[in-house]
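Everything below concerns the one structure shown next.
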Amino acid sequence: MPTTAPSIPVSDIDPFSTEFLSDPLPLHEELRELGPVVYLPRYDVHAVARYDDVHRALTDWQSLQSGAGVGLSNFNHEAPWRPPSLLLEADPPRHDAPRAVLSQLLSPRRLRSLESRWQADAVALVERVLSEGHEFDAVTSLAEPFPLRVFPDAVGIGTHNRENLLPYGDFAFNAFGPMNERVTDPAKTIGPTVEWIAAQCRRENLSETGFGAQIWEAADRGEIGYEQAPLIVRSLLTAGVDTTVTGISAVLHAVATHPDQWQRLRAERELLPRAFEEAIRLESPVQTFFRTTTVETRIADTVLAPERKVLMFLGAANHDPRRWNEPERFDLSRDPSGHVGFGMGIHQCVGQHIARLEAVTLLDALLDRVSSIELAGAPRRHLNNTLRGWESMPVRVVV
Ligand code: OVM
């Protein structure tokens, strides 16, 4: 009996183009509706955009590895732009010790000691911003300065040149995509920033009590090798700033455009963690990651050969109507748990508790003082090959 291989839908969509990144939602829908797996000949990769398939891909670390890189580049064939991350770009068993060190360090219990200082920092920042006026840019006045203040303090890096953290993270997230202008332009000048980051990771440049020093102490205890410690500190500095700036911007945009939800948060403060989670679902600050097949791998009805790159659309999965009712709505009545904005499985964001604490602490200080918040002008997107964030977000508040 003759058989025909089921044909895979093909799309010429470029998910890293300016056009796509400027308005991804209609193109996410197109990818979801073409089929569970869509071939993108432009990059010779297979795309997955439905919730169930993205969820399964994220949890199947045996067939879909991270060690060949979670960007377009396959580290088995191309040299990475920096030594690979021991967490993000590693598989078990090598992944597990660095992961265990960070997940203990960043556990909700260990973060409790930061709370009162961060609350004071949030109140000070909010009061200073409000004292200067009731119209301001929510990105440059709140979403950027708050993480840039509290997170490097917690890691224990010096105060000099901290502004390097944002362009470094921005570059690292762009570098998961193809070598387009978002990579090649900053590549010309990123060298000194990369060196500055490496210097911050050295033991002698870290304060004695921060996360950085505690990572080195894990090496003293033999939980990780000494050669691993600076790279694990580097993971905090790479993944810990632009992401939380983007997440805080996302929740600020959500409340500024949903006045009823702000009033509800004012009355029901216990909904704050859910508001953050729902904003992460809605906006999906990290839009995409790749995996690489280790063996012949079936996704839905498609069989992929080994060594193939699979592009997972976290943002599209978080808007899949098969999984979410009215996915485009910011809705504090829904249960957003199960979203894949922090990933899923063994690589699920190890810093999510610290991200949540930052966002909730800042919003709590704002809710105490601001009775309403709305956009005061058109917000402007910051385009990045992986992150979906804002450059600018003019807001008006009533105190
Ligand atoms: C890392 C890392 C982890 C998560 C995201 C990320 C640049 C980097 O371990 O360096 O994005």
Quiz item: Taking residue 367 and the conditions (1) at negative phi; (2) assigned to a loop (DSSP other than H, G, I, E, B); (3) more than 24 Å from the chain's Cα centre (by Cα), which numbered condition does it fall short on, given that it satisfies the others?
Solution: (2)
Quiz item: Of everything in the range 75-97 that's among the acidic types (Asp, Glu) and part of a loop (DSSP other than H, G, I, E, B), which residue is farthest from the ligand (Cβ to nearest atom)?
Solution: 78
Self-check item: Top-ranked residue in the range 204-215 [being over 25 Å from the mean Cα position of the chain (by Cα) and not polar (S, T, N, Q); ranked as farthest from the ligand (Cβ to nearest atom)]
Solution: 208
Quiz item: Cβ-Cβ below 8 Å, separation at least six or inter-chain, first residue in the range 129-149 and surrounded by fewer than 21 Cβ atoms within 10 Å (Cβ to Cβ), second of a type in the set (D, E, K, R) and part of a helix (DSSP H, G or I): which pairs?
Solution: 130/369; 148/162; 148/163; 149/121
Practice problem: May I ask you to list the residues in the range 49-74 that are farther than 16 Å from residue 311 by Cβ and either surrounded by 20 or more Cβ atoms within 10 Å (Cβ to Cβ) or within 14 Å of the ligand (Cβ to nearest atom) (or both)? | Solution: 67
Self-check item: Restricting the range 165-179 to residues that are out of contact with any strand residue (DSSP E or B) (no Cβ under 7 Å at 6 or more places or on another chain) and within 19 Å of residue 248 (Cα to Cα), the residue that is surrounded by the most Cβ atoms within 10 Å (Cβ to Cβ)
Solution: 165
Exercise. Check whether at least one residue in the range 234-247 is in contact (Cβ under 8 Å) with a residue 60 or more places away in the chain, surrounded by fewer than 23 Cβ atoms within 10 Å (Cβ to Cβ), small (Gly, Ala, Ser) and assigned to a helix (DSSP H, G or I), and report yes or no.
Key: yes
Quiz item: Considering only the range 355-399, how many residues are within 16 Å of the ligand (Cβ to nearest atom) and of a type in the set (Gly, Ala, Ser)?
Solution: 2
Quiz item: How many of the residues making up the range 371-383 are crowded, with 20+ Cβ neighbours inside 10 Å and part of a loop (DSSP other than H, G, I, E, B)?
Solution: 1
Self-check item: Residue satisfying condition, being more than 16 Å from residue 358 (Cβ to Cβ), modelled with pLDDT under 95 and surrounded by fewer than 14 Cβ atoms within 10 Å (Cβ to Cβ), within set 189, 184, 159
Solution: 159
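Let's see how each residue does on (1) away from the ligand (no atom under 16 Å from the Cβ); (2) of a type in the set (A, V, I, L, M, F, W, C):
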{"site": "220", "(1), (2)": "yes, no"}
{"site": "234", "(1), (2)": "no, no"}
{"site": "243", "(1), (2)": "no, no"}
{"site": "249", "(1), (2)": "yes, no"}
{"site": "255", "(1), (2)": "yes, yes"}
{"site": "262", "(1), (2)": "yes, yes"}
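Here's the yes/no breakdown for (1) at pLDDT below 95; (2) under 15 Å from residue 254 (Cα atoms); (3) of a type in the set (Gly, Ala, Ser); (4) assigned to a loop (DSSP other than H, G, I, E, B):
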position: 335; (1), (2), (3), (4): no, no, no, yes
position: 346; (1), (2), (3), (4): no, no, no, no
position: 349; (1), (2), (3), (4): no, no, no, yes
position: 358; (1), (2), (3), (4): no, no, no, no
position: 385; (1), (2), (3), (4): no, no, no, yes
position: 390; (1), (2), (3), (4): no, yes, no, no
Practice problem: Confirm whether residue 91 is acidic (Asp, Glu) and touching a strand residue (DSSP E or B) at 6+ places or on another chain (Cβ under 8 Å). | Solution: yes
Practice problem: Could you list, in sequence order, all residues of the range 98-124 that are under 28 Å from residue 63 (Cα atoms) and away from the ligand (no atom under 14 Å from the Cβ)? | Solution: 100, 104
Practice problem: For residue 120, indicate whether it is outside any helix (DSSP H, G or I) and not acidic (Asp, Glu). | Solution: no
Quiz prompt | Those residues of the range 259-288 which are under 25 Å from residue 174 (Cα atoms) and either surrounded by fewer than 23 Cβ atoms within 10 Å (Cβ to Cβ) or acidic (Asp, Glu) (or both), in sequence order | solution = 277, 278, 283
Self-check item: Tabulated pairs, the range 79-90, first free of Cβ contacts under 8 Å to residues at least 40 places away in the same chain, second more than 9 Å from the ligand (Cβ to nearest atom) and of a type in the set (Phe, Trp, Tyr), C-beta under 8 angstrom, 6+ apart or interchain
Solution: 84/75; 89/75
Quiz prompt | Every residue from the range 136-195 that is of a type in the set (Ser, Thr, Tyr) and either within 16 Å of the ligand (Cβ to nearest atom) or more than 26 Å from residue 70 (Cα to Cα) (or both) | solution = 140, 141, 159, 168, 193
Exercise. Tell me which residues, restricted to the range 6-36, are of a type outside the set (S, T, N, Q), assigned to a loop (DSSP other than H, G, I, E, B) and farther than 16 Å from residue 384 by Cα.
Key: 6, 8, 9, 12, 13, 35, 36
Practice problem: Give the residues of the range 222-232 that are more than 10 Å from the ligand (Cβ to nearest atom) and either among the β-branched types (Val, Ile, Thr) or assigned to a helix (DSSP H, G or I) (or both), sorted by residue number. | Solution: 224, 229, 230
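The values are calculated or read from the model by the stated rules, or taken from the named source; none is laboratory data. Small disclaimer: the values here were computed from a predicted structure and weren't measured. With ideal geometry, Cβ positions are generated from the backbone for all residues, glycine too; neighbour counts draw on all protein chains shown.
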